[in-house]
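Undergrad: One structure, as structure tokens, below. Some questions next.
Please treat every number below as a calculation from the coordinates, not as lab data. Since the model is a prediction, treat every value here as computed from it, not as a measurement. Note: ideal-geometry Cβ built from the backbone for every residue, glycine included; neighbour counts use all protein chains shown.
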């Protein structure tokens, strides 16, 4: 029997790994080695359903498995409908969060033959072997499940990153989260399996791993043991993980500082009455102290916030934003509340008076304390924060801007103009600085601020790989960026490092000193070079292939000695 599993990802990225269906496929190959021939098919939401259907038909499957999530529901159902028409003998199986939460709905669809509820590795076997009884919502013994990485179900040569599942289940009861209706017993894959997978990731030169464990540091001894393993075996891989702030201590923070990682911390709101409505708690002092441990150890971290929560207000959301930005996160992920099927909030939304989209996105439209206009205003502000702060990598310098303006982050972004379509982050940052500084009548500091921002934009986006140069005839280092500044940004940064963090004070300590800085990458790492107009002219002449014989050879040799000319 030919079985095809389709996984529709949001977009092509290092996280677009078909781990869920691969885990099911790996167990099927183990338990039914002679009965099924299994193929995995990756699709992406930008593709049309017709493209996906054509790809499915090419495989001519006897069974089609669809992993359905909120973002791919409509496309998945269109695939099922079309495949039913074109391959009427093909049996269609669906699973994932959507079918688990809305089993009766999916069973009612004429295009669907089988619905898997909950974890599917064991349940799907009953479809192919009638001697195996299906047990809805049964949780398989993790020690019996094969790794889809170790058995080759997922070929690491085909993907740029890894989703690494370390555990299942969640002891917490967050009302907005689908996990809250799952297994409350925390189950972990064995350390032996984890070690073997990590060894394979190192062997295959995996550069990025997203750890699927929403309770990573819930058991502190286990978390520390794993991080020690990462330090020993693969400290240079970039790890992304979710952690709980209340379970951070000094030792864990120190261990995390020894690997290349980025942490995501769920906060959602700072207001106790709001958090009480979604079964969460928050201790402001503990949260601040524990996050500060990460800050002291230079461990990158970001926060999650949700707007439109029951009992929250627009001003309350702004207060949560101000608090989180005061903790200097590397990024902020801010979402409108979605009333997802299968969650506690889905059952209690009416009691809170929540109005939400019941046909497609499940997003909140309004609550008694968060109007439709409030939701729109919050959405507009979040768009500004994302472009200016997240995409603009503003964590390095945003606190200096706030100290200079004397306003809160929410006031800053409320004052900021809306970005235009397709505007780059750096162009938006410059536009916002001009607008806000003019509004606050401190436009005399605008050039100083923009020089600082431009410099850090260049610094934060220097990721060129010199090994990628294909032509041996390349003359000019292709990683170079040249910028002219009114004030020397290195002087500004030196003052900031000495504790002078307000542009009003810095303006009184520096003089206009026009400089040209070239930032670039050499074999030894990032480099900065003070240039002048003549040297920039030489670089442009060489870049274009023009004659440079009229220039002093000493200048050319100097540019070669610092790695600008290769």
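Undergrad: Can you give the % of DSSP beta bridges in the stretch 161-386 that are antiparallel, to the nearest 5?
TA: If we restrict to bridges inside the stretch 161-386, about 20 percent are antiparallel.
Undergrad: Return the ratio Rg/(2.2 N^0.38 Å) for the stretch 216-274, where Rg is computed over Cα atoms only.
TA: 1.24
Undergrad: Going by alpha carbons, how many degrees (0 to 90, nearest 10) lie between the helix axis of 284-296 and the longest principal axis of the chain?
TA: 60 degrees
Undergrad: Over the stretch 421-566, what per residue volume does the convex hull of the Cα atoms give, in whole Å³?
TA: Output value, Cα hull per residue: 150 Å³.
Undergrad: Order by neighbour count: 98, 446, fewest other Cβ atoms within 10 Å first, most last.
TA: By the 10 Å Cβ count, ascending: 446, 98.
Undergrad: What value, in deg cm²/dmol to 500, does the helix sum -39500 (n - 2.57) over DSSP H runs of n ≥ 4 give at 222 nm once divided by the residues of the chain?
TA: Calculated at 222 nm, the ellipticity per residue is -11500 deg cm²/dmol.
Undergrad: Turning to a different aspect of this structure: Could you give the angle, 0 to 90 degrees to the nearest 10, between helix 533-544's Cα long axis and the longest principal axis of the Cα atoms of the chain?
TA: Here the helix axis deviates by roughly 50 degrees.
Undergrad: Could you give the angle, 0 to 90 degrees to the nearest 10, between helix 19-31's Cα long axis and the longest principal axis of the Cα atoms of the chain?
TA: So the inclination is approximately 40 degrees.
Undergrad: Once the Cα atoms of the stretch 2-142 are picked out, what are the Rg and Dmax in Å?
TA: Final numbers for Rg and Dmax: 14.0, 41 Å.
Undergrad: With Rg and the Kirkwood Rh both taken from Cα atoms, where does Rg over Rh land for the chain?
TA: Radius of gyration relative to Kirkwood radius: 1.01.
Undergrad: Going 7 Å from the Cα of residue 494 along its beta-carbon direction, which residues of the stretch 530-553 have the amide nitrogen within less than 16 Å of the resulting point?
TA: Within reach of a label on residue 494, which here means backbone N under 16 Å from a point 7 Å along Cα→Cβ, the stretch 530-553 contributes 530-531.
Undergrad: Ranked from highest to lowest mean number of other Cβ atoms within 10 Å per residue, what is the order of the peptides 523-532, 163-172, 122-131?
TA: With the highest mean Cβ count within 10 Å placed first, the list reads 163-172, 122-131, 523-532.
Undergrad: Given a Förster distance of 45 angstrom, what is the FRET efficiency for residue 203 paired with residue 361, based on the Cβ-Cβ distance and rounded to 0.05?
TA: The value I calculate is 0.65.
Undergrad: Follow-up. Semi-axes, largest first, in whole Å: what does sqrt of 5 times each Cα gyration tensor eigenvalue give for the stretch 161-386?
TA: After diagonalising the Cα gyration tensor, the semi-axes are 33, 20, 16 Å.
Undergrad: Next up: How do 447, 522 line up, fewest other C-beta atoms within 10 Å first?
TA: 522, 447
Undergrad: Once label points are set 7 Å from the Cα along Cα→Cβ at both residue 348 and residue 380, what is their separation, rounded to one decimal in nm?
TA: So the two model labels end up 3.3 nm from each other.
Undergrad: Oh, and also: In what sequence do 71, 457, 362 fall when counting other Cβ within 10 Å, fewest first?
TA: Going from least to most buried by this count: 71, 362, 457.
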